[in-house]
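**Student:** Sending over a structure as structure tokens; questions will come in a sec.
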Amino acid sequence: MIIWVNGAFGAGKSTLAGGLREALSGSVIADPEDVGALLRQSMAGHPRRVRDYQDYAAWRRLTSGLIAELHQLAAWPAIVPMTVLNPAYVKEMFEPLSELGTPFHHVVLHAGPDQLEARIKASCEYPGEEQRSEAVRSHRRRRAADYGHATAAWLHAAASHVIDTSHLTPGQTLHTVLAHLPVIP
């Protein structure tokens, strides 16, 4: 199966992905940020570079291809922790993945605005590097409104499962998501 973990920036997608990898023996994490970093590095200084790597059609194609290839290579679940809030981009990537003939789960982690702000405030992505950590927190705060708009317009309706993590620990979130997935022998 493929498990795409979507949600607000700072909602716990990476934490959940790590827990799922431990719980689902043989699973792999396919991180689209790695594809984005490669494109960002390759296009640095180029006049056709874009600010958000998700705006590259190449990112969307490469991401879908990477997920499909890792899923086939591992022959076990592929876990994809990535916020995608543009419905056209979701459709462009999810359709080919859904056609692979394997179960596809689009899990959205939701946290209320107060809980999300508290998590963002408490996060420290780069211990000992407060300036870099604050830059991540600022990005997450700027994108919170985008998540809210996507939620109201389409995101929750398009999800296989919406998990409200507002009052859940990471362990409880993991168990809740696992309860929604089919049993793997």
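The values are calculated or read from the model by the stated rules, or taken from the named source; none is laboratory data. Computed from a predicted structure; not experimentally measured. With ideal geometry, Cβ positions are generated from the backbone for all residues, glycine too; neighbour counts draw on all protein chains shown. Calculation scope for accessible area: heavy atoms of the full protein, side chains included, ligands and nucleic acids excluded. Shrake-Rupley method; radii C 1.70, N 1.55, O 1.52, S 1.80 Å.
**Student:** Just the residues that are assigned to a helix (DSSP H, G or I) and closer than 19 Å to PRO170 by Cβ, please, taken from segment 18-59.
**Tutor:** Result: GLY18, GLY19, LEU20, ARG21, GLU22, ALA23.
**Student:** Right, next: Among (1) open to solvent by less than 40 Å² (accessible area, probe 1.4 Å); (2) closer than 20 Å to THR173 by Cβ; (3) touching a strand residue (DSSP E or B) at 6+ places or on another chain (Cβ under 9 Å), which single condition is GLY10 missing?
**Tutor:** Only one criterion is unmet by GLY10, namely (3).
**Student:** Please state which of the following conditions VAL183 fails to meet, knowing it meets all the rest: (1) outside any helix (DSSP H, G or I); (2) surrounded by 14 or more Cβ atoms within 10 Å (Cβ to Cβ); (3) of a type in the set (A, V, I, L, M, F, W, C).
**Tutor:** (2)
**Student:** So, one more: Residues being in a helix (DSSP H, G or I), in contact with a helix residue (DSSP H, G or I) (Cβ under 8 Å, 6 or more places away or on another chain) and surrounded by 14 or more Cβ atoms within 10 Å (Cβ to Cβ): count how many of those fall in segment 156-177.
**Tutor:** Qualifying residue count, segment 156-177: 4.
**Student:** Step by step: first the residues of segment 142-155, then only those that are of a type in the set (Gly, Ala, Ser) and surrounded by 12 or more Cβ atoms within 10 Å (Cβ to Cβ), then the one that is farthest from GLY7 (Cα to Cα). Which residue is that?
**Tutor:** ALA153
**Student:** For the subset of segment 16-27 comprising residues that are in contact with a strand residue (DSSP E or B) (Cβ under 9 Å, 6 or more places away or on another chain) and in contact (Cβ under 8 Å) with a residue 12 or more places away in the chain, which member is most open to solvent (accessible area, probe 1.4 Å)?
**Tutor:** ARG21
**Student:** SER133: under 18 Å from ALA30 (Cβ atoms), open to solvent by less than 40 Å² (accessible area, probe 1.4 Å) and part of a helix (DSSP H, G or I), yes or no?
**Tutor:** no
**Student:** Among the residues of segment 72-130, what is the count of those that are assigned to a helix (DSSP H, G or I) and either open to solvent by less than 20 Å² (accessible area, probe 1.4 Å) or not basic (Lys, Arg) (or both)?
**Tutor:** Total meeting the criteria: 23.
**Student:** I'd like to know if segment 116-125 contains one or more residues that are hydrophobic (A, V, I, L, M, F, W, C) and in contact (Cβ under 8 Å) with a residue 40 or more places away in the chain.
**Tutor:** yes
**Student:** Restricting attention to segment 35-56, and to residues there that are under 15 Å from MET93 (Cβ atoms) and in contact with a helix residue (DSSP H, G or I) (Cβ under 8 Å, 6 or more places away or on another chain), which single residue is surrounded by the most Cβ atoms within 10 Å (Cβ to Cβ)?
**Tutor:** VAL35
**Student:** Okay, moving on. Scan segment 1-30 for residues that are over 20 Å from SER160 (Cβ atoms) and in contact with a helix residue (DSSP H, G or I) (Cβ under 8 Å, 6 or more places away or on another chain) and jot them down.
**Tutor:** Correct list: PHE9, GLY10, GLY26.
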